[in-house]
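First comes the structure, then the notes that go with it.
Only the coordinates and a few stated rules stand behind these numbers; no lab work does. Quantities reported herein were computed from a predicted structural model and do not represent experimental measurements. When we count neighbours, we look across all protein chains shown, and the Cβ atoms used for this are built from the backbone with ideal geometry, even at glycine.
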Amino acid sequence: MRRRMERMPNKKKPLTGVRILALALAFVTLCLAGGVALSGLFLPAVMGANSVVKAVTPSMQVEGIDFDVTSLPQKSTMYANDGKTVIAEFYAQNREVVPLKDISKPMMQAVVAREDKRFWEHSGVDVQGVMRAFVQTYMKKGDQQGGSSLTQQYVKNVLATKARESDDPIGEYHATEDTIARKLREMLLSVQMEKKYSKSEILQGYLNIAQFGSNSLYGVQAAAERYFNTTADQLNVVQAATIAMITKNPSQYDPSIEANQEEAEKQRNIVLKLMYDQKFITKAEYEEAVNTPLVDTLHLTDVSRGCMAAKYNAGFFCDYVVHKIENSQEFGKTAEEREKLLQEGGLKIVTTFDMDASNAMMETANATIPADDPSGMEIVMASVKPGTGEVLGFGINRTYDATDAAASDQTKSSMNYAVDQVDGGGQGFPIGSSWKPINLVAWMQQGRSINESLVAPTDFLTSRFSCNGYTGGSDNWHVTNALTNGTVSPESPFLGLVHSHNTTMAAMGAQIGLCAVADAAKAVGYHNSKIGQEDVYSDISMHPALLIGGTTSVSPLTMANVYATYAANGVECTPIALKSVENSDGEQLEVPKANCHQAVDKDIIQTLAYTLNQGVTRSDGAASAAQLANNRKTFAKTGTNENMYVTTGGFIPNQIATFVLVGDVQDPMNHPIENIAINGNYHGYWDGSTIAAPAFSKAVSAYAEKKNLPMDNDYGQAVDKYMKTSNTVTGTGTTTQQQSGTNMQTQSQH
């Protein structure tokens with residue numbers, strides 16, 4: 001983008017005595033032109049009750065300049081799902097605008113004593129202060145004196161802030177340059193302001209815009225929180241004097257910096273003396289205050305911002321929420337507008353983050369595979385609340401770190417592999433047999449019984465799976481089962497899922513076509529993670545190996561949401577991270593909707609849930625390692641994608657659905673999950689039942705105990721029409737090893 005280049009002003013020429021006198025007379029004339037505005041000391045504030053200073057006239061305009069404090073950049077705060085627990089804060093300037101009624105009297109007195117003792121008497125320009133500064137600076141050639149009234153300082157701050165907001169470095173320079181011209185402009189605007197606005201409004205504006213510390217700390221509310229862990233309305237005399245002295249030199253007087261504390265205490269005591277001289281405090285109050293060591297009064301709070309400083313292990317979730325805000329049209333037409341709103345809009349962001357779910361998953365993830373484990377393997381978990389779409393949290397055995405340090409530290413990462421690529425994650429994963437419940441849904445949607453007996457060979461022409469969205473070909477797909485390396489033909493879809501047999505899944509797909517399976521996947525909430533390839537019908541997915549989770553490119557969060565559909569009796573929702581967003585005016589903004597709807601017939605879901613439970617409870621079931629604590633009825637399915645990833649998905653009906661993935665999420669081809677020790681346990685062959693299923697059980701059991709979730713033993717009742725038996729064996733069973741074309745072999749998934 002082209003920028004208009006402007007030349008900085010030339011060095012000022014020396015002022016002659018005549019010119020100085022002329023300018024001085026101009027100053028005085030300008031000051032007197034505004035008349036004298038008399039005001040009682042701290043007249044009752046005309047501020048309303050609105051937390052964002054609604055009493056300030058919404059259109060505070062002076063010569064086209066907006067002086068409305070509600071338009072100042074304010075920090076946004078992200079909360080957990082209780083709306084009270086702060087996860088993280090975001091700001092370009094750490095500020096929270098508050099009305100004058102929410103600022104303590106000592107704080108108002110301290111800043112007036114320090115900055116402008118005649119504030120309540122002059123009409124915007126302190127004539128005595130200007131003349132004193134003029135004589136000291138230009139006549140006596142002494143130290144440069146400002147002489148600016150508090151109103152002038154407010155004008156200066158607003159002009160500089162507006163210039164920064166407009167990305168106008170030239171304007172910011174002119175707002176702060178040390179010239180007579182700048183002073184004259186400030187005086188003119190100050191007199192105009194005092195004709196239009198009350199002293200209370202101006203004081204309120206100044207207290208909310210002034211810088212009260214380094215590290216982008218603005219306004220008394222942020223200062224009160226930073227230095228004393230309190231609020232502006234609770235500031236006492238000592239605290240107020242401490243904050244009031246900082247604005248003269250924020251970097252040198254910031255009391256949170258140890259090297260500054262000796263000088264900061266001297267400056268605080270100067271303010272206390274001014275408050276005593278101006279009769280704001282008694283002699284006893286003054287003596288007690290100046291004899292109080294500054295360091296004994298501090299109660300510093302963290303001012304770190306963004307997801308790097310997120311609390312409660314919420315860094316990865318915080319990053320997910322930020323991406324959701326930046327990607328959602330509800331928060332602005334462009335990415336730049338949405339980012340500005342987050343960093344400066346003073347938003348109250350209530351998320352779906354459940355601390356109990358997050359703690360259960362993060363603790364389980366790090367206990368299952370410590371971050372510094374020599375195996376280098378990652379474990380990634382995600383949970384969703386069924387029937388709501390609410391994302392409860394993530395479990396990742398890494399510390400969220402968006403700095404360059406993460407590149408060389410195995411224990412740190414800024415990439416949230418639990419979510420889609422557009423939301424800051426990766427391109428998704430093949431998940432193995434955790435996919436297979438979708439096949440059963442598709443089968444029943446075609447009106448078929450899960451107890452039909454199917455011929456299940458190990459070789460299929462891909463043309464047998466053809467449909468409107470997939471043509472297949474003359475190539476051969478070779479598929480076998482784990483352990484047996486062959487088939488168990490004939491077998492029913494029911495037992496095929498209980499035992500997780502690949503050949504039976506292939507036989508089902510050959511009967512109903514691959515499109516029926518893809519349609520069922522979309523219905524339960526499946527989509528690919530990779531940008532531009534999200535649809536299950538895209539090139540990366542549509543091959544018969546989809547039936548055994550071999551061509552998926554899916555995030556753990558999406559799979560958690562799929563299992564949430566199973567857990568909500570067929571109600572599918574779009575995952576959401578935001579419960580509500582309120583702007584600085586207290587107005588509720590639109591947030592992305594979950595769009596919950598009945599996606600799959602309840603009878604199908606109940607029959608599927610029955611089958612999933614049988615896969616856990618039967619002695620020969622593939623998912624027995626996923627059994628939850630206290631004999632809670634468990635619904636889960638494990639998965640293994642060759643030697644790259646092992647997975648497990650499962651749920652507690654209407655309470656929580658969780659998906660677990662283990663492997664090297666960055667380089668699985670060169671770092672397989674086989675013949676390796678993980679957390680001290682060696683396995684030549686790792687599958688979903690050896691590590692992912694126990695992790696699922698531990699995390700979900702801990703969550704259930706913490707929440708005291710009720711047992712639902714009625715969920716998962718098979719429906720007769722999908723359980724009818726037949727002696728007929730369907731499927732030709734014809735093998736195709738001799739057919740021409742590429743022989744595509746898929747290794748066992750379990």
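Things to note:
- Temperature 10 °C, viscosity 1.306 mPa s: under these conditions the Stokes-Einstein estimate for the range 413-507, based on its Kirkwood radius over C-alpha pairs, is 104 µm² per second.
- Using θ = phi - 60° in the Karplus curve 6.51 cos²θ - 1.76 cosθ + 1.60, the 3J(HN,Hα) couplings for the range 101-107 round to 5, 9, 10, 5, 4, x, 5 Hz; x is entered for Gly and Pro.
- Net length gained if the chain between Q192 and Q717 were fully extended (0.36 nm per residue, minus Cα distance): 181.3 nm
- Prolate/oblate/rounded label for the range 521-631 (Cα gyration tensor, a/c 1.5): oblate
- For A456, distant residues with modelled amide H under 5 Å away: S489, E491
- Farthest towards the positive end of the charge dipole of the range 260-410, among the residues M381, T399, S358, is the Cα of S358, using unit charges on the Cβ of Lys, Arg, Asp and Glu.
- Ranked by the mean number of other Cβ atoms within 10 Å of their residues, highest first, the peptides 326-338, 464-476 come out as 464-476, 326-338.
- Amide H within-cut-off set for C596, under 5 Å, with H built and near neighbours excluded: T574
- Residues D296, D712, D372, D459 arranged by fewest to most Cβ contacts within 10 Å: D296, D372, D712, D459
- Listed peptides 215-224, 524-533, 649-658 appear in the order 649-658, 215-224, 524-533 once ranked by packing, highest mean of other Cβ atoms within 10 Å at the front.
- Distant-in-sequence amide contacts of I676, defined by a placed amide H-H separation under 5 Å and a gap of 5 or more residues or a different chain, comprise H683.
- Using a cut-off of 30 Å between Cα atoms, the listed pairs K340/K530; K593/K721; K530/K706 include K593/K721; K530/K706 as exceeding that distance.
- Think of each Lys and Arg Cβ as +1 and each Asp and Glu Cβ as -1; about the Cα centre, that makes the dipole of the range 199-311 roughly 300 debye.
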